[in-house]
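Structure first, commentary second.
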Amino acid sequence: MANIPQDEGRGNFGSLIGFVMAGAGSAIGLGNIWRFPYVTGESGGAAFLVIYLAFVLLIGVPVIYAELAMGRASQRNPVGAFAALGPKEGGNPWVAVGGLGVITGFAILAFYSVVAGWTLGYVGMAFGGTFAGGVTAEQSGAIFGGFVANPVWAVALTASFLVLTALVVRGGVQKGIERATSILMPVFLILLVLLAGRALTLPGAMAGVEFLFLPDFSKITPTVVLNALGQALFSLSLGMGAMITYGSYLDRTQSMPFAGATVALFDTGIAILAGLIIFPALYAAGVKPEDGGAGLVFVVMPTIFEAMPLGNVFAIAFYVLLATAALTSTVSLLEVIVSYLVDEQGLGREAAVWGTTAACLALALPSALSVGAVDQLSSLPGLGMSFLDLQDLIWGNYSLSIGALLICIFAGWVWGVQPAVDEMTRSGHDLPASAVWGFLVRYVCPVAIAGLLVYITYNLVTGA
Ligand code: PHE
């Protein structure tokens with residue numbers, strides 16, 4: 001079993017908690033706080049949540065184990081993992097799946113850093129007292145609209161966020177990633193619980209809770225189902241090899257079953273917690289969930305702080321922690337690309353980090369300018385959506401779904417269920433129901449994902 005020795009020079013997470021924090025740090029980010037509420041709002045609320053949770057359990061959890069096992073077994077980045085574990089003779093087409101993962105990571109980083117840049121801007125505004133004394137939903141909407149439409153700010157903040165990410169990744173896995181997340185993630189959790197407490201006791205908050213938990217299944221359409229799958233994968237950082245890369249840093253003496261389950265649990269818990277803040281606050285402020293769009297969290301949150309003692313302190317803390325959560329996610333995205341360039345292309349870490357950062361900024365520019373700064377980008381001709389939304393749709397929904405589909409087929413049929421389960425349990429910790437895992441990755445996940453992709457493409461083409 002131990003064909004590929006653990007690479008000592010590679011740098012491991014120092015402890016299991018360290019890994020869980022970093023894995024959860026990758027998973028927890030803007031996906032939970034920014035994307036989950038607005039996609040849920042647009043997709044009908046509770047009915048969407050039910051499908052999302054089903055996908056997390058039936059597709060997300062099996063894929064997280066597949067990726068972690070591939071990473072630890074191969075001690076490689078996504079491309080290297082497919083190369084090491086795939087067929088040795090007659091060419092190995094699976095390497096291309098790893099390549100798609102690296103490209104997807106790059107493209108996601110390019111639009112994610114735009115939204116992450118907004119969080120930095122909001123840190124600044126909170127410090128400057130923009131929200132002190134309270135703002136209405138209308139005022140908050142106007143502040144957001146004016147802010148994101150400013151091209152100088154949009155570009156400068158995106159660039160700043162990319163540079164911050166580069167500085168962390170440059171430091172290497174353990175020093176850079178583990179230390180920051182182990183402290184800040186627990187603080188973030190506590191703050192979210194406090195904010196949920198405040199939001200839930202606002203007048204009219206119950207309507208928001210009903211929206212999130214009382215399903216109306218008539219709202220389900222193919223697009224809603226694709227959104228749910230995309231959101232489950234995006235939020236858990238799956239389908240592009242981030243968890244392959246992080247799995248390669250997980251020490252072999254540590255329990256993979258525990259690591260995977262905890263990351264999935266934390267991530268899903270935080271998304272629901274975010275919903276319990278945003279939707280009650282939304283109804284309390286008299287805004288409809290489906291009208292929120294990509295600015296939802298940025299518009300709604302300032303209306304909550306006003307109703308709290310020490311509101312501005314909470315505002316500052318919230319945006320600082322949101323920016324940090326985003327940073328631990330962008331770090332995992334950049335790390336995938338950098339580990340590929342270092343392992344496979346022989347680049348030095350420093351050159352890989354800065355080269356990727358510069359290229360990513362170039363791709364980020366049209367996204368940064370597409371939320372009001374440049375009209376043609378804000379509403380793309382013929383599509384009516386912004387460049388940023390289009391990137392999110394292509395890479396965050398389609399590409400991750402295709403990636404997850406191919407990862408399941410690879411782990412279940414090419415590499416094989418037995419070697420994968422051996423890797424998962426090699427620390428001596430059992431994976432309960434490992435037979436169920438095999439069944440899910442071999443049959444359920446591929447059929448479900450492929451079926452959905454065919455269905456949605458058919459609907460797109462026929463214009464239904
Ligand atoms: N999971 C991260 C979030 O929710 C985003 C992400 C996607 C990170 C894919 C890495 C890979 O914010």
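The values are calculated or read from the model by the stated rules, or taken from the named source; none is laboratory data. Values in this document were obtained by computation on a predicted structure and should not be read as measured data. Glycine gets a Cβ as well: all are built from the backbone with ideal geometry, and neighbour counts include every protein chain shown. The area values use the complete protein model at the heavy-atom level, side chains included, leaving out ligands, DNA and RNA. Shrake-Rupley method; radii C 1.70, N 1.55, O 1.52, S 1.80 Å.
Figures for the structure shown
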read-out: Meets criteria (within 16 Å of the ligand (Cβ to nearest atom), closer than 30 Å to V79 by Cβ, modelled with pLDDT of 90 or more and aromatic (F, W, Y)) for Y340; value: yes
read-out: Filter pass, A281 being among the aliphatic types (A, V, I, L, M) and open to solvent by less than 10 Å² (accessible area, probe 1.4 Å); value: yes
read-out: Selection count where residues are at pLDDT below 90, farther than 30 Å from Y458 by Cα and among the β-branched types (V, I, T), scope the range 207-259; value: 1
read-out: All positions within the range 144-199 that are of a type in the set (S, T, N, Q) and part of a helix (DSSP H, G or I); value: T158, S160, T165, Q174, T181, S182
read-out: From the options G60, G44, residue that is outside any helix (DSSP H, G or I) and within 27 Å of G292 (Cβ to Cβ); value: G44
read-out: Filtered residues of the range 334-382 (kept if among the polar types (S, T, N, Q), crowded, with 20+ Cβ neighbours inside 10 Å and within 23 Å of M240 (Cα to Cα)); value: S339, T356, T357, S367
read-out: Where a residue in the range 332-344 is of a type in the set (A, V, I, L, M, F, W, C) and its partner, wherever it lies, is away from the ligand (no atom under 16 Å from the Cβ), with Cβ under 6 Å and at least six apart; value: V338/A352; V338/V353; L341/L347; L341/A352; V342/R349; V342/A352
read-out: Residue list for the range 311-322, restricted to those being under 16 Å from T130 (Cβ atoms) and either of a type outside the set (A, V, I, L, M) or open to solvent by 10 Å² or more (accessible area, probe 1.4 Å) (or both); value: G311, N312, V313, F314, I316, A317, F318, Y319, V320
read-out: Among the candidates V225, V168, V163, V187, residue that is within 16 Å of the ligand (Cβ to nearest atom) and either surrounded by fewer than 24 Cβ atoms within 10 Å (Cβ to Cβ) or touching a residue at least 40 places away in the same chain (Cβ under 8 Å) (or both); value: V168
read-out: Qualifying residue in the range 85-94 (condition: within 23 Å of I244 (Cβ to Cβ), crowded, with 18+ Cβ neighbours inside 10 Å and within 15 Å of the ligand (Cβ to nearest atom)); value: no
read-out: All positions within the range 241-254 that are open to solvent by less than 10 Å² (accessible area, probe 1.4 Å) and assigned to a loop (DSSP other than H, G, I, E, B); value: G241, S248, Y249, L250
read-out: Residues being in contact (Cβ under 8 Å) with a residue 40 or more places away in the chain, under 29 Å from the mean Cα position of the chain (by Cα) and open to solvent by 20 Å² or more (accessible area, probe 1.4 Å) - total across the range 131-143; value: 3
read-out: Restricting the range 383-415 to residues that are within 16 Å of the ligand (Cβ to nearest atom) and of a type in the set (F, W, Y), the residue that is surrounded by the fewest Cβ atoms within 10 Å (Cβ to Cβ); value: Y398
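Condition check ((1) closer than 22 Å to S401 by Cα; (2) touching a strand residue (DSSP E or B) at 6+ places or on another chain (Cβ under 6 Å); (3) touching a residue at least 24 places away in the same chain (Cβ under 8 Å)) across all residues:
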residue	(1), (2), (3)
P93	yes, no, no
V97	yes, no, yes
G105	yes, no, yes
Y112	yes, no, yes
A116	no, no, yes
L120	no, no, yes
G124	no, no, no
